[in-house]
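The values are calculated or read from the model by the stated rules, or taken from the named source; none is laboratory data. Fair warning: this is a prediction, and the values are worked out from it, not measured in the lab. So basically every Cβ, Gly included, is an ideal-geometry build from the backbone, and we count neighbours across all protein chains shown. Quick note on the areas: whole protein, heavy atoms, side chains included, nothing else; ligands and nucleic acids left out. Shrake-Rupley method; radii C 1.70, N 1.55, O 1.52, S 1.80 Å.
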Amino acid sequence: MGGRIKLLPEYLANQIAAGEVVQRPASVVKELMENAVDAGAKHIKLIVKDGGKTLIQVIDDGTGMDETDARMAFERHATSKISSTEDLFNIRTKGFRGEALASVASVAHVEMRTKPAGSDLGTLIRIEGGKVVLQEPVQTPVGTNIAVKNLFFNVPARRKFLKSPQVEMRHVIDEFQRIALAYPELAFTLIHNGNEVYHLYPGNLYQRITAVFGKKMGDRLLPLEQETDYVRISGYTGKPEFAKLRRGEQFFFVNKRFVKSPYLHKAVMDAYGGLIGERKIPSYFIFFDIDPQHVDVNIHPTKTEIKFDDEATVYNLLRATVRHALGKFDQMPSLDFEGGILPDFRPAKPGKTYTEPSVQVSPSFNPFTEGTDKPFDKPSRKEIDRFTGFVSAANDFPSGEADNPLAVFDDTENDTGDASFQWADKYIVTYVRDGLLLVHQYRAHVSVLYEEFLQELKQGSVPSQLLMFPWETDYLPAELELLEKHRKVLEKSGIRFEIDGEVFRITAAPTGFDNRHLKRFMDELLAQLSEEIPAGEDDLNKYLALRLAQASAIGTGQTLSKDEQQKLLARLFSLENPRYAPDGKKNFITLSENEINNRFL
Ligand SMILES: Nc1ncnc2c1ncn2[C@@H]1O[C@H](COP(=O)(O)OP(=O)(O)OP(=O)(O)O)[C@@H](O)[C@H]1O
Ligand SMILES: [Mg+2]
């Protein structure tokens, strides 16, 4: 062995993005861990003291270095990873500049033990502020063990500007996580001030993400995958309902290198569109595998910025892939009544609690003094109902229906028209056994219509109705072509149209469709049809059903009669999953009696 590491010729060294490599302890962590990855290590151990201000040590079981290389490694522009300009455009390793160890060694006390396979003895090198102060043979396992102490000991101004150990540790953990996520097949350990922070076993990406961020994170992700000749995109993206206001777990990896990219981030955000609240950001762990010829990593000294030679393609593909993931999995958590997500909201079973015979209202009853023992132990539910203006539909339940959790809404025999009321022309408020239910009327209606449209689409087509006044608009020739090409899809959705020169004329629309939404429906459909990845039959049906439902649902601001309210509730709760709208948003919220009681404490 020996002589693997070579000095870069000057012309090549000059082509490399120059700049500060070591800014803080976390930069050292990044460089040392990347070297361990490049050395083919299977297990990488990071030991840190005081957020890295006192010690940063990385122990790997990679190839190690012989005596000559051990010394060469600390020279500027000395690397085993590239040797020509051509190599610069075919980078598969994390390192390529031959800068990191030289930079680190110039501002710290460094001690390295390293041994390649097949050697009896390894090499120990001690360097202080760039000067070799010791080199001798040493007993050490195969691999490299490098310790960096007293960072910036010789640059007091830099040392002074380091933040508290806690803040520096936060940055160290960020770097550690980025590398651990990029290499789930490797084992990692992180020890801070003698405490084990992470011990990560080799596994797949999903296992690694949950090992790093906790089991809960696993339930919040949707897988994504897309492959073209140019790039392969894979990984996970967050379910919309878990998007957060603060930036959190957003990761892009290009050829297993963590990169920051506002441009790609925008593509993801774009894909979420209206699915998440304004200013909310979803989590994502997105990997790009691409021929290194198509990426430039030599833009910034820290290598966290990259450039694809065809940025627009990556952007569009990423957006489409994320959209596809969001659509495909519907973001519908499986609702399980038995599992207890909704157990508190079963309507009352006729039984002792609710069958107080004709209750007299006590004139002395004061609802604000709890625990008045007489004449009633507690205000009965019926009294509460009177106070709130509700009549408990639950009381009227024939026992046979008691097991149907939401039979209250199917109860057409007893006129339960009083069991709900509309509030703010937006919510339907209703009463179930253990509390109040506030139903979002628009979303509830979308959910109901979505299922109906989906059925119709699956069975063939949505019934449509001739428009009394055909709707016309102008489209670009390319758009008209696209619409013509997808005539079948449109007809399936109940839209009949003619193309007359540049005029696009809709002559029939689905029954119940609100024609004020035609323009938006068409524009969105066009955007969807022009997606690079054509949606499969199933996905397209879901997409159409959702858009049709949104365009046909009664809006917020629309007054509903009691009868309409009851019908809507009955339809909503006959759905398999009434809790969520097809776009993942909540259809209703509940206020349990307990919650309400607590508000009165
Ligand atoms: N942990 C290690 N195991 C084996 N060899 C290593 C290790 N760390 C460094 N080396 C060797 O030392 C060389 C110099 O490392 P250094 O980090 O300074 O540069 P680089 O990794 O080549 O490029 P970059 O500056 O981009 O990181 C590497 O090219 C590699 O051959
Ligand atoms: Mg390196």
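With a cap of 15 neighbouring Cβ atoms within 10 Å, and only residues DSSP puts in a loop, list the GluC sites (Glu not before Pro) found in segment 464-562.
GLU502, GLU531, GLU532
Based on the alpha-carbon gyration tensor of segment 207-328, what equivalent-ellipsoid semi-axes (square roots of 5 times the eigenvalues) come out, in whole Å, largest first?
Values for segment 207-328, descending: 23, 16, 14 Å.
Counting DSSP beta bridges with both partners in segment 10-203, what percentage is antiparallel, nearest 5?
Percentage antiparallel, nearest 5: 85.
Step through the table entries LYS45/LYS160; LYS53/LYS266; LYS115/LYS160; LYS131/LYS307, compare each Cα-Cα distance with 30 Å, and write down the pairs that go over it.
LYS53/LYS266; LYS115/LYS160; LYS131/LYS307
How would you order 311-323, 86-98, 511-523 from highest to lowest mean count of nearby Cβ atoms within 10 Å?
311-323, 86-98, 511-523
Excluding residues fewer than 8 places away in the same chain, name every one of the lysines whose C-alpha is closer than 28 Å to that of LYS426.
LYS426 reaches LYS239, LYS244, LYS280, LYS382, LYS519, LYS542, LYS562, LYS567, LYS585, LYS586.
Using alpha-carbon pairs under 8 Å, 6+ residues apart, how would you state the relative contact order of segment 1-105 in percent?
It comes to 36 percent, rounded to a whole number.
Cα centroids of segment 557-584 and segment 143-204: how far apart, whole angstrom?
Going from one Cα centre to the other spans 52 Å.
Can you give the local net charge around GLY494? Use residues other than it whose beta-carbon is closer than 15 angstrom to its beta-carbon, Lys and Arg +1, Asp and Glu -1.
+2
In µm²/s, what is D for segment 414-552 at 37 °C and 0.692 mPa s, where D = kT/(6 pi eta Rh) by Stokes-Einstein and Rh is the Kirkwood radius from Cα pairs?
Once the numbers are plugged in, D ends up at 196 µm²/s.
List the equivalent ellipsoid semi-axes of segment 151-196 in whole Å, largest first, each obtained as the square root of 5λ for an eigenvalue λ of the Cα gyration tensor.
Whole-Å semi-axes of the equivalent ellipsoid: 26, 12, 10.
Just the accessible area per residue of segment 10-203, please: how many Å² with a 1.4 Å probe?
44
In nm, give the distance between the simple-model label positions of GLU227 and ASN150, each being 7 Å from the Cα along the Cα-to-Cβ direction.
5.4
Calculate, in whole percent, how much of the Cα-Cα pair population of segment 469-532 lies beyond 13 Å.
Counting pairs separated by more than 13 Å, the tail of P(r) holds 61 percent.
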